[in-house]
Amino acid sequence: MAISDTFNISKKATRSQAAKGTVKDPNHQLKQAIWLYFILLIFEGALRKWVLPGLSTPLLLIRDPVAIYLMIKANQRNLFPENGYIKGMVIIGVISIFTALAFGHGNLIVALFGARLFIIHFPIIFIIGAVFNKEDVIKMGKATLWIAVPMAVLIALQFYSPQSAWVNRGIGGDESGAGFSGALGFFRPPGTFSFTNGNALFFSFVAPFVFYFWLYPKLVNRWLLLAATAALLGSIPLSISRSLYFSILVALAFTIIGVARKPAYAKRVLGAVIGIAVLIAVLSQTSVFITAFEAFNTRFEGANESEGGVQSVLLDRYLGGLVGAVTSTDGLPFFGHGMGIGTNIGLQLLGDQVFIAPEGEWGRIIAEQGFILGMGVIIIRLIFSMRMFLVSYRKLSLGDLLPWILLSNFLLNVPQAQWKQPTTLGFSIIIGGLQLAAFRVPKKLKPKKFNTLDINNV
């Protein structure tokens, strides 16, 4: 399945974009909608907790209209990608609606809620890839750095404030708080998100951009980069999240591998190491982070003893329980229990039906859709991820580090992240789209050695 299938950009649109600044970007509205999708991802939880708590349930779907608009608008401009990934997901999604009604839970709304992941949101990955380019990816990276700084301040306030404080309000204005059990009496803060996983997902998304901009410091304001780096480092103890810690290590590992292929970056790496070392030294002397680190260390050691260390986070969690999903199918109906039944909304709508979804994403998919359809979804996600790995590695060998560094976050989300949770789904869609867009280098950004490289022929 060729990567060229993910881009179906019309010649007419290409000629318009090539005009010498006299014609407005024909994809301007599409790009605005993609930015809106991203902004709503970051602040959806804030709307549900603080701004419009009475509408917390319908706001759960706030990005769905934006996704539908993107699909319609992209189709009008002949930009809607036509590839096997999308076709496979849509076909499985549609079939799963009917099997859920005929052989599963029988609730149309629940089935549609589950199918929207594949029919509405998954295609957005490829629309972003067709509309955005490397320049847009860098712009979103800069915006992410700007957001990271106040987000770090927010989670610090949440960390040290009681759960009854306004800053810790839960969904729907719940005064019992949105924090999750942490250590030493402190709770894991959610930031602007509905749940604490959003905070970990966000700073995991920040990490590749921080490392990339340290290698290309001229692309971003130096003071912003320092502030965002401090925010990233501070988020580790404040989040009390092992997943975030290991996600940042994965991003760092990918960066080191990339730099090892390009010795010319040695000086830039040295500058980054010195800058980060200074920031760590400063933060380690600050009482705010000393207390947070004690809580994080306690949580880290306790979880390692009870759940396992690196194997638990990077192997058991990352692989999503594929072995268990395949072997634990005794008594599972051929078409599963029905699309959407493994989501929280699905269970609430079904009411009297009792269903305990597997913890891993792959296990949930197979439990909902059955072995054949479920494995179809898993295989599509894995093939797409493997393709991105291969193309990113090729770009790395040609000296382009951005796709490779972004891949560190892509591989933590697209293959196995729990899409039943809206925030997790949103970050998977965004990083998937940016991964594709990073391959599309505008002429003004192309080094001479890339002039003959056409992503459509990769």
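Among 143-150, 202-209, sorting by the average number of other beta carbon atoms lying within 10 angstrom of each residue, highest first, gives 202-209, 143-150. A simple rule links phi to the HN-Hα coupling: the Karplus curve 6.51 cos²θ - 1.76 cosθ + 1.60 with θ = phi - 60°, which for region 109-125 gives 4, 5, 5, 5, 4, x, 6, 4, 4, 8, 8, 9, 7, 3, x, 4, 3 Hz, with x for Gly and Pro. Between their Cα atoms, which of K31/K267; K87/K420; K31/K262; K49/K87 are more than 28 Å away from each other? Those over the limit are K31/K267; K31/K262; K49/K87. The value given for region 143-317 is a Kirkwood hydrodynamic radius of 16.8 Å, derived from the mean inverse Cα-Cα separation.
When region 143-317 is described by a simple charge dipole with +1 on each Lys and Arg Cβ and -1 on each Asp and Glu Cβ, the residue from G234, V210, S176 located farthest towards its positive end is V210.
Peptides 48-58, 27-37, ordered by how many other C-beta atoms sit within 10 Å of their residues on average, highest first, read 27-37, 48-58. Size descriptors for region 339-398, from the alpha-carbon set: Rg then Dmax equal 16.5, 57 Å. Each residue of region 185-201 was assigned a 3J(HN,Hα) from its phi angle through the Karplus curve 6.51 cos²θ - 1.76 cosθ + 1.60 (θ = phi - 60°); the sequence is x, 9, 10, 6, x, x, x, 7, 8, 5, 9, 5, 5, x, 5, 5, 5 Hz, with glycine and proline shown as x.
For H28, neighbours were defined as the other residues whose beta-carbon sits under 15 Å from its Cβ, and their charges (Lys and Arg +1, Asp and Glu -1) total +2.
A short reminder: the numbers here are calculations on the coordinates, not readings from a lab. Nothing here was measured: the structure is a model prediction, and the numbers come from that model. Note that we place each Cβ from the backbone using ideal geometry, even for glycine, and neighbour counts take in every protein chain shown.
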